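Chemist: Quick one: this structure, given as structure tokens, is what I'll be asking you about.
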Amino acid sequence: MATGVFSESRAKIKERTLRTDRWWLQPLITFSVLMSFIVYATFRAFENKYYFAEPLVSPLYSPCLSTACVDGTSPLGQPFNSQYFGIGISPALFILIFPLGFRLTCYYYRKSYYRAFWMSPPACAVAEPHAKYTGETRAPLILQNSHRWFFYAGLVFNVILTYDATIAFRNEEKEWGHMSVGTLVLVFSTVMLWLYSLSCHTCRHTIGGRLKHFSKHPIRYKTWTWISALNHKHPTFAWISLFGVAFADIYVRQVASGAWTNFYFF
Amino acid sequence: MARKLKLRIWRGDATDGGLKNVEVEANDGEVVLDLIHRVQATQMGDLAVRWNCKAGKCGSCSMEINGKPRLACMTQVSSFPEGEEITVTPLRAFPVIKDLVTDVSFNYRKAMEIPSYEHPKNLAPGEARMEQIDVERSQEFRKCIECFLCQDVCHVVRDHEENKKSFAGPRFFIRIAELDMHPLDMLKNRKQKAQEEHGLGMCNITKCCTEVCPEHIRITDNAIIPMKERVVDVKYDPVRWLGSKIRKREGIV
């Protein structure tokens, strides 16, 4: 039986949409960019090499928690084995679930991939191809409600990546007071990750959005207004931080593999 | 300067209908509703169209213009490129009555299902005092003119008629958010009801409601997502749940 815009009682229009603009362009770009990142990140997660070039650690491998990790790649030690049941496991696989989960459950990325990947809907006022829809009311999509847990985990990762960006002010002999192109790349990536996290809707809620009386909590209210201003730019930070992480990893990989030389300013 | 414009207007009722081509004169500064009125006055005397204020404040002239839900009185003819045909149809999420007029009673039924404001029992009328910073979030939602463009564009009901039973829609999520953020509202289970009875969980935050709102209310960012987070507080966050039990408070103050 016809449903949606083709329901019996609605205006008889045979087109799924009458939009005349290029509504398909945005989901297409989103799909292409996210897909490219997924393919690259998957390749890197399994590559299991070229993630460290003193003093630079790739954000896709940090903290490097496996016993197979190179010394100096984790401030938290190496609690995991490099093999389980005889199968070698890349250290990236122990940690990537957290930043991945944070982005996967992010309200902005949800909008993006529901439109671009699942076409639910592909664009506003463009009929979706699915016969049924239950949204985020049942498994697996009800797990989107776990976003705040990934947000908290993401903050821990931001602290670790800040540590990585800080030690990037050393040279290859571990002497402080130096700066290279790699330092700038890691600092930029980390700053963008912090902005992405702080502008997050869950952060906005936790800081003050959940309050009923702002007047009783002036400091939280003030902080909430700052976070709200950042929240306007959340989609921008989501994309820039994604590119920042990808570029930081590419840079570290190229330096670690010997393809590029990490130029030191001082 | 006057120019000739090609319009395609949907004409018909629930049994049948289709797009009719007309050519109409358009003058500088005119909006699509002006063209529809000119067509009605000169070529289609029985064309049905709902309108009232012609100032973007009554929310009556909601329709779809080139496939996008818009107010006809706020859509400048000059916003379309020279020579582009303009297609005007009724809202496609609601039953059509005649031509450009749809039956939007779904929204009124949903409005009646939303629990109203509950005043504190210890405050007599006239005794209530609120600070501006406590009410300004809710005031954004009071700008709603009930044009129902957000309801029309929301794919949850637009593309799935069967969901109308269990889904209130973005207009009523801002109503729920307005009341839940109200500093004096005493209703305890508004968040649970939003999730369990009004279908908040069905929203997948694709933000089309925000895109079409003529009052530029940030429906998704300021109402729906905050409500989803408040639902997480009471339904999916064991730490907050435990904290509320230990500290003997609702968790939101």
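Read the figures in this text as sums done on the coordinates, not as results from a lab. Everything quoted here is computed from the prediction, not taken from an experiment. Neighbour counts run over all protein chains shown; Cβ positions are idealised from the backbone, glycine included.
Chemist: Per residue, what volume in Å³ does the Cα convex hull of the range A:1-66 take up?
Modeler: Hull volume over Cα atoms, normalised by residue count, gives 178 Å³.
Chemist: Now, a different point. So who's got an amide H within less than 5 Å of the one on residue A:179, skipping anything under 5 residues away but keeping other chains? H placed 1.01 Å off N, in plane.
Modeler: Distant-sequence amide H within range of residue A:179: A:265, A:266.
Chemist: Further, regarding this structure: Alpha carbon centre of the range A:232-266 versus the range A:86-140: separation in Å?
Modeler: Answer, in whole Å: 24.
Chemist: Of the candidates B:110, B:228, B:121, which one comes out as most mobile in a Gaussian network treatment of chain B with C-alpha springs shorter than 10 Å?
Modeler: B:121
Chemist: Of the candidates A:244, A:135, A:154, which one comes out as most mobile in a Gaussian network treatment of chain A with C-alpha springs shorter than 10 Å?
Modeler: Comparing A:244, A:135, A:154 in the GNM, the peak value goes to A:135.
Chemist: For a quick size check, give me the Cα extents of the protein assembly as shown along its three principal axes, largest first, whole Å.
Modeler: Computed over the protein assembly as shown, the largest-to-smallest principal extents equal 86, 63, 47 Å.
Chemist: A further question on this structure: Taking chain B as a Gaussian network, where each spring joins two C-alpha atoms under 10 Å apart, which residue of B:185, B:159, B:28 fluctuates the most?
Modeler: So, out of B:185, B:159, B:28, the one fluctuating most is B:28.
Chemist: Moving on to the next point. Strictly over 23 Å apart at the Cα level, which of A:111/B:68; B:207/B:245; B:110/B:193; A:132/B:207 would you flag in this model?
Modeler: As for pairs spanning more than 23 Å Cα to Cα, those are B:207/B:245.
Chemist: Karplus couplings for the range A:194-208 from phi (6.51 cos²θ - 1.76 cosθ + 1.60, θ = phi - 60°), rounded to Hz, Gly and Pro as x?
Modeler: Whole-Hz 3J(HN,Hα) from phi for the range A:194-208: 5, 5, 4, 5, 5, 8, 5, 4, 5, 4, 4, 5, 5, 5, x.
Chemist: Rank by packing, highest mean first: peptides B:198-205, A:127-134, B:167-174, with packing defined as the count of other Cβ atoms within 10 Å averaged across residues.
Modeler: Final packing ranking: B:167-174, B:198-205, A:127-134.
Chemist: Enumerate the calculated ³J(HN,Hα) couplings along the range A:233-249 in order (Karplus 6.51 cos²θ - 1.76 cosθ + 1.60, θ = phi - 60°), each rounded to whole Hz, writing x wherever the residue is Gly or Pro.
Modeler: Coupling constants for the range A:233-249: 9, 4, x, 4, 5, 4, 6, 4, 5, 5, 5, x, 5, 4, 5, 4, 5 Hz.
Chemist: At what distance in angstrom do the alpha carbon centres of the range A:181-210 and the range B:200-218 lie from each other?
Modeler: Here the answer is 25 Å between Cα centres.
Chemist: What is the dipole size for chain A, taken about its Cα centre, with +1 at each Lys and Arg Cβ and -1 at each Asp and Glu Cβ, in debye to the nearest 20?
Modeler: So the dipole magnitude of chain A works out to roughly 1520 debye.
Chemist: What list do you get for B:94, A:157, A:6 if you sort them by fewest beta carbons within 10 Å?
Modeler: On the way: B:94 25, A:157 19, A:6 16.
If I rank by nearby Cβ atoms, fewest first, I get A:6, A:157, B:94.
Chemist: Name the shape class, rounded, prolate or oblate, that the alpha-carbon gyration tensor gives for chain B, where a ≥ b ≥ c are the square roots of its eigenvalues, rounded holds for a/c under 1.5, and otherwise prolate holds if a/b is larger than b/c and oblate otherwise.
Modeler: Taking the square roots of the gyration eigenvalues as a ≥ b ≥ c, chain B is prolate.
Chemist: If you take each beta carbon of peptide B:83-93 and count the beta carbons of other chains within 10 angstrom, what is the mean?
Modeler: Details: counts 0, 1, 1, 1, 5, 1, 4, 3, 2, 11, 5.
That works out to 3 on average.
Chemist: Given a Förster distance of 45 angstrom, what is the FRET efficiency for residue B:2 paired with residue A:47, based on the Cβ-Cβ distance and rounded to 0.05?
Modeler: The computed FRET efficiency comes out at 0.10.
Chemist: Same structure, new question: For residue B:87, which sequence-distant residues (separation of 5 or more, or a different chain) have an amide H within less than 5 Å of its own amide H, given hydrogens modelled in the peptide plane?
Modeler: Close amide H contacts, sequence-distant or interchain: B:8, B:66.
Chemist: Using a 10 Å cut-off around each Cβ of peptide A:127-136, what is the average number of partner chain Cβ atoms that fall inside?
Modeler: 6
Chemist: Also, I was wondering about something else. Taking +1 at the Cβ of each Lys and Arg and -1 at the Cβ of each Asp and Glu, which of B:177, A:5, B:151 sits farthest along the dipole of the protein assembly as shown towards its positive end, judged by Cα position relative to the Cα centre?
Modeler: Working it through, the farthest residue towards the positive pole turns out to be B:177.
Chemist: Please turn the phi angles of the range B:215-230 into ³J(HN,Hα) values with the Karplus equation 6.51 cos²θ - 1.76 cosθ + 1.60 (θ = phi - 60°), one per residue in order, whole Hz, x for glycine and proline.
Modeler: 8, 6, 6, 7, 4, 6, 6, 9, 10, 6, 5, x, 5, 4, 5, 5
Chemist: From the helices alone, meaning DSSP H stretches of at least four residues, give me the mean residue ellipticity at 222 nm for the protein assembly as shown, per-run term -39500 (n - 2.57), in deg cm²/dmol to the nearest 500.
Modeler: Taken over the protein assembly as shown, the calculation gives -11500 deg cm²/dmol.
Chemist: May I pose another question? Measuring from label point to label point, each 7 Å out along Cα→Cβ, what is the residue B:117 to residue A:84 span in nm?
Modeler: Result: 5.5 nm between the two label points.
Chemist: Specify the inter-centroid distance of the range A:1-20 and the range B:31-104, based on alpha-carbon positions, in whole Å.
Modeler: 18 Å
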